[in-house]
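Step one of this worksheet: look at the structure below.
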Amino acid sequence: MDFKLDKAHQLQQELFRSFAETEIRPIAKEMDENEALDLDMLKKAAKYGLFGIPYSKEYGGAGSDTLAYTLCMEEISKVDASTGVTISVHTSLCCSCINNFGTEEQKQTYLRPLVDGSKFGCFGLTETNAGSDVQGAQTTAVKDGDDWIINGSKIFTTNSGFADTCILFALTDRTVPASKGLTAFIVDLKNTPGITVSDNIERMGIRAASNCIVTYENVRVTPDRVLGPLGKGFKIAMTALDTGRIGIAAQALGIAQGALNEAIKYGKERKQFGKPINAFQNTQFKMAELQTKIDAARLMVWRAACAEDNHEPYGPLAAMAKLMASDVANQVTRECVQFMGGYGYCREYPVERMMRDAKITEIYEGTSEVMKMVISGSMKLK
């Protein structure tokens, strides 16, 4: 059991940190204020290989692993969680579905341009009445000759404002529960008639990320775009979400560490009662407590990532990591805003943005309550 990163992972971590500091930090506040990502920055991230980290070089990826991907998610999210979730949805949700369930032809045709960064991906599962309960899905796909005609609407579709490829889930059999009647499709979001993408949904946090309602009206897709067997869409979605929860846990970890870093820097400069506030024992004890919780969360994230890399059962471990890391992120960001007082509440400093961004990590890709359901369902005597 080794709790240290090997040299290869250390070098990757340094690369991710350098990109975050030089390319994202200077524009993070502006992107949040404008509620829009800088697409030129995303293209640079793609050239750095940040959109295909855990995927085989055979398909244009970096040929690395899930652990390296979590390092990327943490380093990027230390600086900007909106960019972090953009990478996460593309990598964990869209790409993983094709990588795990696609045919060789689908991987060459649709996965390759995603993992080499020439195209961006999104994931269409959530509906107005189908959030935690996917069984409430209403979007349908009806056979018309060899093709399928899709009708319905998906909400909170991250990356949909600029994405090229969407993994869309629709009911192909309404006579059975969604767990048996849902099918996955690979949809060209930009060039398919009948698809309408709304303006960004206004949100409290991750405001720069693209997050829209996507409506499908008599959208025709060819049979080569059916992903996996008919009726197995629920399994495909749940498998992707297991992987996605590791990415979101790493995002939450990055938000927490980024906020604490900012608070520590502030505490060295800010003086009260004649000395830096970091010199007070109360401050030191609080910082020590928060860093300990962050490090504990980091070990849980790495454990889940390594389990996936070793082809071991990782779903419950991913749920534990996300449950803990998201809770830690919310606690740490609140404490950092409080520590910095009025300045922490001002948009001059990034901790208020980090506090807003942290909340969503307890909600998307499975709420904390759903994580507890997953964990409790897997529990046994130890």
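The values are calculated or read from the model by the stated rules, or taken from the named source; none is laboratory data. From a predicted model like this one, the values you see are computed outputs, not experimental measurements. No Cβ is skipped: glycine too gets one built from the backbone with ideal geometry, and neighbour counts run over all protein chains shown.
When Lys143 is tested against (1) surrounded by fewer than 19 Cβ atoms within 10 Å (Cβ to Cβ); (2) basic (Lys, Arg); (3) in contact with a Gly (Cβ under 6 Å, 6 or more places away or on another chain); (4) not in a helix (DSSP H, G or I), just one condition goes unmet, and that condition is (3). In a residue-by-residue description of the stretch 91-109, the property of being outside any helix (DSSP H, G or I), of a type in the set (A, V, I, L, M) and not assigned by TED's automatic domain parsing to the domain that holds Val214 applies to no position.
Just one of the numbered conditions (1) crowded, with 17+ Cβ neighbours inside 10 Å; (2) without any contact (Cβ under 8 Å) to a residue 24 or more places away in the chain is not true of Ile264: (1). Can you tell me which residue within the stretch 318-362, out of those that are of a type outside the set (A, V, I, L, M, F, W, C) and over 29 Å from Gln272 (Cβ atoms), is nearest to the chain's Cα centre (by Cα)? Among them, the one singled out is Thr361. Just one of the listed residues (Lys57, Lys29, Lys4) is touching a Pro at 6+ places or on another chain (Cβ under 9 Å) and at negative phi, namely Lys29.
Scan the stretch 56-72 for residues that are touching a Ser or Thr at 6+ places or on another chain (Cβ under 8 Å) and in a loop (DSSP other than H, G, I, E, B) and the total you get is 1.
When the stretch 303-315 is filtered for residues that are closer than 17 Å to Leu71 by Cα and surrounded by 22 or more Cβ atoms within 10 Å (Cβ to Cβ), the ones remaining, listed by number, are Ala304, Ala305, Glu308. Of the numbered criteria (1) buried (at least 17 other Cβ atoms within 10 Å of the Cβ); (2) touching a Lys or Arg at 6+ places or on another chain (Cβ under 8 Å), the one Phe169 fails is (2). Taken over the stretch 166-204, the criterion of being closer than 25 Å to Leu39 by Cα and in contact with a helix residue (DSSP H, G or I) (Cβ under 6 Å, 6 or more places away or on another chain) is satisfied by Ile167, Ile186, Met204. Of the strands (runs of 3 or more DSSP E) lying entirely inside the stretch 175-226, those carrying at least 3 residues that are surrounded by 14 or more Cβ atoms within 10 Å (Cβ to Cβ) and in contact with a Ser or Thr (Cβ under 6 Å, 6 or more places away or on another chain) are 211-221. Checking the conditions here, which among Glu362, Glu369, Glu352, Glu348 is of a type outside the set (A, V, I, L, M, F, W, C) and free of Cβ contacts under 8 Å to residues at least 12 places away in the same chain? Glu348 is the lone residue from the list that is of a type outside the set (A, V, I, L, M, F, W, C) and free of Cβ contacts under 8 Å to residues at least 12 places away in the same chain.
Evaluation of Asn191 against the conditions (1) at pLDDT 95 or above; (2) over 15 Å from Thr139 (Cβ atoms) shows that the sole unmet condition is (1). Would it be correct to say that Val301 is under 22 Å from Met379 (Cα atoms) and either β-branched (Val, Ile, Thr) or in contact with a Cys (Cβ under 8 Å, 6 or more places away or on another chain) (or both)? Judged against the criteria, Val301 is a match. Checking each residue in the stretch 119-140 for being among the small types (Gly, Ala, Ser) and either at pLDDT below 95 or in a helix (DSSP H, G or I) (or both) picks out Ala130, Gly131, Ser132, Gly136, Ala137.
Screening the candidates Val332, Val337, Val301, Val328 for the property of being in the same structural domain as Gly258 (by TED's automatic domain parsing), hydrophobic (A, V, I, L, M, F, W, C) and touching a Gly at 6+ places or on another chain (Cβ under 6 Å) yields one hit, Val337. Scanning the stretch 331-363 for residues that are aromatic (Phe, Trp, Tyr) and surrounded by fewer than 17 Cβ atoms within 10 Å (Cβ to Cβ) gives Tyr343, Tyr345. Got at least one residue in the stretch 206-219 being charged (D, E, K, R), within 20 Å of the chain's Cα centre (by Cα), modelled with pLDDT of 95 or more and closer than 28 Å to Gly341 by Cα? Yes - at least one qualifying residue is present in the stretch 206-219.
Within the stretch 147-165, the set of residues being aromatic (Phe, Trp, Tyr), farther than 17 Å from Asn129 by Cα and either touching a strand residue (DSSP E or B) at 6+ places or on another chain (Cβ under 6 Å) or crowded, with 18+ Cβ neighbours inside 10 Å (or both) comprises just one member, Trp148.
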